[in-house]
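Colleague: Provided herewith is a single structure, encoded as structure tokens, for subsequent inquiry.
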């Protein structure tokens with residue numbers, strides 16, 4: 001069937017191409033009742049239906065639970081929400097989806113970790129047809145947030161929670177040294193060198209150095225240097241652009257980082273920063289509440305700055321990823337009713353309510369609304385909004401075996417931090433990565 005033109009604003013022609021047709025095996029086929037979004041005002045075509053929804057223990061879930069009674073009253077649909085810790089949710093979904101159960105209707109999904117596998121296995125309903133609803137407005141979503149939930153001609157989920165890599169820096173230290181927040185990676189390196197003072201237990205820069213955890217934050221360095229993990233099915237970990245990024249990341253942590261960076265994931269790296277021992281720290285914007293908590297941070301709030309990830313030789317390309325999305329099971333016998341819930345909980349009004357409680361979403365209209373930014377510090381909200389518009393939608397290789405891929409990339413990162421032969425290790429690991437891609 002033909003679809004209306006969906007792309008406008010932040011959604012590019014790439015997204016239009018992804019949605020011009022349906023007909024994949026995961027497409028909704030249970031068409032009893034009203035057509036998608038076609039119920040007359042006041043009608044309750046799904047009254048008496050019960051939806052089973054699996055969610056993560058997440059602030060988004062808590063915000064939605066407060067709104068669900070309104071949905072139930074309006075539609076007559078009963079929503080049974082089951083909450084799990086992140087790993088428990090993933091395990092439960094794998095078991096239930098593998099079994100082919102039809103009792104599961106809707107679930108939260110981690111697009112960058114699981115979507116590719118779930119799409120390949122046919123576990124996700126194609127929402128392309130439903131997404132035509134002009135009032136609901138798919139074009140309001142950023143391209144980067146939608147990208148990991150698309151495959152072929154299908155749309156297999158709706159973004160819920162986004163996060164970006166940003167630069168945290170010490171405003172007071174920068175002011176004392178007549179420096180401004182770095183706008184380029186060259187400026188970042190120069191500032192790290194100037195402010196590095198290991199004799200007094202103070203360092204220029206910190207970020208994740210642990211093998212696998214480092215990959216997601218290294219990614220912005222990679223994209224901003226003009227590289228990526230793979231392109232058109234080919235591994236690209238040993239291109240000149242990738243080598244440049246690996247060397248820069250390693251040099252920054254080896255020459256201007258605190259001791260022990262090879263053992264640091266985000267809690268350890270952030271811990272050194274909030275202890276007041278580092279001038280700059282790059283990581284996800286989602287960790288910012290720790291910076292503002294006086295019980296966790298020794299730095300006065302007014303001395304913590306938030307800045308866009310600096311531009312490199314390939315431009316300014318911070319990550320802007322969808323950490324959580326919402327999907328409908330392809331085996332659900334209630335896909336029409338399930339979409340009514342998904343459409344309702346992700347509409348502009350409810351997205352604004354949910355984001356105003358501190359849950360960063362993916363709708364540009366919400367980011368452009370002062371109420372949507374109210375839960376975040378002004379400077380941070382500005383950085384998040386800009387990153388949302390220019391960011392790259394993946395912070396790790398887009399493959400099925402994400403864990404193995406992260407280990408491969410992480411091996412090159414740790415080699416660089418250790419001052420080893422980056423070019424040689426990149427060639428070796430690139431060959432391993434290509435083998436992984438080919439096997440998938």
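None of the figures in this text is laboratory data; all of them are computed from the coordinates on show. Given the structure is predicted, the values throughout are model-derived calculations rather than measurements. Cβ atoms come from the backbone with ideal geometry, glycine included; neighbour counts cover every protein chain shown.
Colleague: Semi-axes of the equivalent ellipsoid for the chain, please: Cα gyration tensor eigenvalues, times 5, square-rooted, ordered largest first, whole Å.
Modeller: Over the Cα atoms of the chain, the semi-axes work out to 40, 25, 19 Å.
Colleague: How big is the gap, in Å, between the Cα center of the stretch 107-141 and the Cα center of the stretch 377-406?
Modeller: Answer, in whole Å: 18.
Colleague: Points 7 angstrom from Cα along the Cβ direction at residue 113 and residue 296: gap in nanometres?
Modeller: If labels sit at residue 113 and residue 296, their model points lie 1.8 nm apart.
Colleague: What do you get when you divide the Cα radius of gyration of the stretch 397-439 by 2.2 N^0.38 Å, with N the number of residues? Display every interim value, and only then the final one.
Modeller: Working: Rg = 10.5 Å, N = 43, 2.2 N^0.38 = 9.2 Å.
Cα-based Rg divided by the globular estimate yields 1.14.
Colleague: Which of 162, 61 comes first, and how do the rest follow, when ranked by fewest Cβ neighbours within 10 Å?
Modeller: Lowest to highest Cβ neighbour count: 61, 162.
Colleague: Right, something else. For the pair residue 86/residue 231, report the inter-label distance in nm, with labels modelled 7 Å from Cα in the Cβ direction.
Modeller: 3.1 nm
Colleague: What number does the stretch 226-368 give for Rg over Rh if you use C-alpha atoms and the Kirkwood radius?
Modeller: 1.05
Colleague: Mind giving me the FRET efficiency for residue 78 and residue 172? R0 is 41 Å, r the Cβ-Cβ distance, nearest 0.05 is fine.
Modeller: Plugging the Cβ-Cβ distance into 1/(1 + (r/R0)^6) gives 0.15.
Colleague: Once label points are set 7 Å from the Cα along Cα→Cβ at both residue 99 and residue 133, what is their separation, rounded to one decimal in nm?
Modeller: Result: 3.0 nm between the two label points.
Colleague: Based on the Kirkwood radius over alpha-carbon pairs, what value in µm²/s does the Stokes-Einstein equation return for the translational diffusion coefficient of the stretch 160-290 at 10 °C and 1.306 mPa s?
Modeller: Reported coefficient: 105 µm²/s.
Colleague: Between residue 190 and residue 62, what is the FRET efficiency for a Förster distance of 51 Å, r being their Cβ-Cβ separation, to the nearest 0.05?
Modeller: Values: r = 43 Å, r/R0 = 0.85.
Rounded to the nearest 0.05, the efficiency is 0.70.
Colleague: Within 10 Å of each residue's Cβ, count the other Cβ atoms and sort 412, 173 from fewest upward.
Modeller: Fewest-to-most ranking of 412, 173: 173, 412.
Colleague: Next up: Label the stretch 253-335 by shape, choosing from rounded, prolate and oblate, from the square roots a ≥ b ≥ c of the eigenvalues of the Cα gyration tensor; if a/c is under 1.5 it is rounded, and otherwise prolate applies when a/b is larger than b/c, oblate when it is not. Write down the numbers at each step before the final one.
Modeller: Details: a/c = 2.25, a/b = 1.76, b/c = 1.28.
Prolate is the answer for the stretch 253-335, as a/c is 1.5 or above and a/b outweighs b/c.
Colleague: Return the FRET efficiency for the residue pair residue 423, residue 275: r is the Cβ-Cβ distance, R0 is 35 Å, and the value is rounded to the nearest 0.05.
Modeller: Calculated transfer efficiency: 0.50.
Colleague: Sorted from fewest to most neighbouring beta carbons within 10 Å, what does the list 309, 202 look like?
Modeller: 202, 309
Colleague: Right, another one. Any idea what diffusion coefficient the stretch 343-405 gets from Stokes-Einstein, in µm²/s, Kirkwood Rh on alpha carbon pairs, 25 °C, 0.890 mPa s?
Modeller: 188 µm²/s
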